[in-house]
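My structure is below; once you've seen it, I'll send some questions.
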Amino acid sequence: MLKKSDTRNYRNTRLLSYPPPKNARTFVEDKRPEKMLGKGSKLYSIARLKCPRCHEGDLFVNNSLLSWRKMSEMLPNCPVCQQVYEPEPGYYYGAMFVSYALTAGPTLAVVGLMMLFSQEITLWMFIGALLVSLLLFLPAIFKLSRAIWINIFIGYDPTAAASPQARGH
Ligand SMILES: [Zn+2]
């Protein structure tokens, strides 16, 4: 077990060695559980809607998962490392299929709730479940599917924040 002071020292070491040395990949590939959601993991970039390359700049004008305000407005590029977020027109076409998959989860959860109270699920009940989950989760589904999509093509670069460079891929 790490003591709290150990963790602090570990963090300080990371800060002092910035930009990371050539063997920094050992840190990126560190698969200990507490690092699963840490910077350097794609889950971090997706869950926090951060730039897939530097994991620091926001992806969206309004980076909240629940808010409908300016829901679909993406920044043109990363404010920190200058990564271009839409390298070509129609880049996010495939993200649509990711969003279908993401819609299934909440919809099935609402259907599951309905089954607790009703003997049978009619088509209209299913459509209702779909509408309720879209109403609640559309901003999250839209943003997460784009974040997943861009993370498929662009990987984490620990040196990106220190050396901003406009890049498409
Ligand atoms: Zn960036």
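The values are calculated or read from the model by the stated rules, or taken from the named source; none is laboratory data. Computed from a prediction, not measured in an experiment: that's the story for all the values here. Cβ coordinates were reconstructed from backbone atoms using ideal geometry, including for glycine residues, and neighbour counts include every protein chain displayed. Only protein heavy atoms, including side chains, enter the accessible area calculation; ligands, DNA and RNA are left aside. Shrake-Rupley method; radii C 1.70, N 1.55, O 1.52, S 1.80 Å.
I need a count of the residues in the range 35-63 that are small (G, A, S), within 16 Å of the ligand (Cβ to nearest atom) and in contact with a helix residue (DSSP H, G or I) (Cβ under 7 Å, 6 or more places away or on another chain).
3
Return the residues of the range 62-85 that are out of contact with any Leu (no Cβ under 9 Å at 6 or more places or on another chain) and part of a loop (DSSP other than H, G, I, E, B); say none if nothing qualifies.
Scanning the range 62-85 gives N62, S67, R69, K70, S72, E73, P76, P79, V80, C81, Q82.
Hey, any hits in the range 107-118 for a residue that's in contact (Cβ under 8 Å) with a residue 24 or more places away in the chain and over 21 Å from the mean Cα position of the chain (by Cα)?
Yes.
Related question: Checking V111 against (1) closer than 18 Å to K42 by Cβ; (2) in contact with a helix residue (DSSP H, G or I) (Cβ under 7 Å, 6 or more places away or on another chain), which single condition isn't satisfied?
If we test V111 against (1) closer than 18 Å to K42 by Cβ; (2) in contact with a helix residue (DSSP H, G or I) (Cβ under 7 Å, 6 or more places away or on another chain), just (1) comes out false.
So, one more: Is it fair to say Y93 is surrounded by 17 or more Cβ atoms within 10 Å (Cβ to Cβ) and either part of a loop (DSSP other than H, G, I, E, B) or among the polar types (S, T, N, Q) (or both)?
For Y93, the condition - surrounded by 17 or more Cβ atoms within 10 Å (Cβ to Cβ) and either part of a loop (DSSP other than H, G, I, E, B) or among the polar types (S, T, N, Q) (or both) - is not met.
Here is a further query. Among the numbered criteria (1) surrounded by 11 or more Cβ atoms within 10 Å (Cβ to Cβ); (2) outside any helix (DSSP H, G or I), which one does L113 miss?
(2)
Here's a follow-up. Go through the range 58-77 and report how many residues are touching a residue at least 60 places away in the same chain (Cβ under 8 Å) and open to solvent by less than 20 Å² (accessible area, probe 1.4 Å).
2
How many residues are within 15 Å of the ligand (Cβ to nearest atom) and either hydroxyl-bearing (S, T, Y) or farther than 15 Å from S145 by Cβ (or both) if we restrict to the range 64-80?
Here the count works out to 6.
Which condition from (1) touching a residue at least 40 places away in the same chain (Cβ under 8 Å); (2) part of a helix (DSSP H, G or I); (3) of a type outside the set (K, R); (4) surrounded by fewer than 16 Cβ atoms within 10 Å (Cβ to Cβ) is the one that E88 breaks?
(2)
With respect to F126, is the statement that it is more than 16 Å from the ligand (Cβ to nearest atom), in contact with a helix residue (DSSP H, G or I) (Cβ under 7 Å, 6 or more places away or on another chain), open to solvent by 70 Å² or more (accessible area, probe 1.4 Å) and without any contact (Cβ under 8 Å) to a residue 24 or more places away in the chain true?
Against the criterion (more than 16 Å from the ligand (Cβ to nearest atom), in contact with a helix residue (DSSP H, G or I) (Cβ under 7 Å, 6 or more places away or on another chain), open to solvent by 70 Å² or more (accessible area, probe 1.4 Å) and without any contact (Cβ under 8 Å) to a residue 24 or more places away in the chain), F126 qualifies.
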